[in-house]
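The values are calculated or read from the model by the stated rules, or taken from the named source; none is laboratory data. Everything numeric here is computed off the predicted structure, so don't read it as measured data. Don't worry about glycine lacking a Cβ; one is built from the backbone with ideal geometry, like all the others, and counts go over all protein chains shown. All accessible areas refer to the heavy atoms of the entire protein, side chains included, with ligands and DNA or RNA removed. Shrake-Rupley method; radii C 1.70, N 1.55, O 1.52, S 1.80 Å.
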Amino acid sequence: MADVLMDSSVPFLVRLPGVYAPQRDTQLLMAALNRENIRPGTAVLDIGTGSGALAIRAAQLGGKVTAVDITHRAVATARLNAILHLRRITVHHSDLTSSVRAHSYDLLLCNPPYVPAPDADTPRYGASRAWNAGTDGRAVVDRVCESAPAVLRPRGVLLMVHSGLCDVDTTLKRLNRVGLDATVSNRVHIPFGPVLLSRMNWLRERGLLKKEEGATEELVVIRAERT
């Protein structure tokens, strides 16, 4: 049975089992999306669309939206939610930008897996595929940094959300190195959820969480513009 999700910007969403449910990171990225100057016809690519929440919001703002996800259930979920919201969104099954390399976009949106995990390999199946991202949390974030410039138009913008646990400075440096002007556009601190609470000792052992730090996570939105 599908879950129904409520959100302040998207009235309702249907979510098939195993598809990532919009959470605080989604809301933070959506707030950043709302601040962008999206005009009718603005070409938007939502990478790792999940339920399609961000893709739908971009379409509501007037964007011409393409969404991609590596899981078939997420693709089906995003297509269904687009229909329910009466929005024309093209949704592809794709590993990041692999299926859209022949195209370019004005705006890229990405809420990638970013949670550090004891297993160095990223999951190939299951719900944890949406958050586990290797021992440093950067298995997918680094790939987004590498692939984004090839599909960004001049003056195009990447908006990406991730945790401070996976090293914000490294993300900024990698994006600057590939020709994007990257800054942190928003920060928020939230309590650890169940996954991070279960890994607190491991995070401290890895040096990702200091002993004096409590069970609070910083989320950031990176805004990177192609110059």
Roughly what angle does helix 72-84 make with the longest principal axis of the chain, taking Cα atoms, 0 to 90 degrees, to the nearest 10? 50
To the nearest 20 debye, the chain has a Cα-centred charge dipole, built from +1 on Lys and Arg Cβ and -1 on Asp and Glu Cβ, of 540
Based on alpha-carbon centroids, what's the gap between region 193-207 and region 60-79 in Å, whole number please? 32
Between HIS162 and residues 5 or more places away or on another chain, which pairs have amide H atoms under 5 Å apart, with H built 1.01 Å from N, and which residues are they? VAL220, ILE222
Using a 10 Å cut-off on Cβ atoms, rank the peptides 204-210, 63-69 from the highest mean neighbour count down. 63-69, 204-210
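Add +1 for every Lys or Arg and -1 for every Asp or Glu among the other residues with Cβ under 11 Å from the Cβ of VAL144, and state the total.
Details: positive: ARG138, ARG143, ARG174; negative: ASP142, GLU146.
Around VAL144, the surrounding residues sum to +1.
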List the relative contact order of the chain as a percent without decimals, with contacts defined as Cα pairs under 8 Å and 6+ residues apart. 17
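Once every DSSP H run of n ≥ 4 in the chain is given -39500 (n - 2.57) and the sum is divided by its residues, what mean residue ellipticity at 222 nm do you get, rounded to the nearest 500 deg cm²/dmol?
Numbers: 7 runs with 65 residues, N = 227.
Helix contribution divided over all residues of the chain: -8000 deg cm²/dmol.
Of the peptides 108-119, 78-89, how do they stack up when ordered by the mean number of other Cβ atoms within 10 Å, highest first?
On the way: 108-119: 22.0, 78-89: 17.6.
Order by mean packing, descending: 108-119, 78-89.
Counting each pair of different Cα atoms once, what's the Kirkwood radius of region 1-154 in Å, rounded to one decimal? Walk me through the numbers on the way to the answer.
Details: mean 1/r = 0.0646 Å⁻¹.
The Cα-based Kirkwood calculation yields 15.5 Å.
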Quick one: pull the percent of accessible area on region 93-168 belonging to carbon and sulfur, 1.4 Å probe, ligands and nucleic acids left out. 49
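When the gyration tensor of region 149-198 is built from Cα positions, what are the square roots of 5 times its three eigenvalues, in whole Å, from largest to smallest?
Ellipsoid semi-axes (Å, largest first): 27, 11, 10.
Before I look further, what does the chain give for accessible area per residue, probe 1.4 Å, in whole square angstrom? Don't skip to the end; give the middle numbers.
Working: 10940 Å² over 227 residues.
Per-residue accessible area for the chain comes out at 48 Å².
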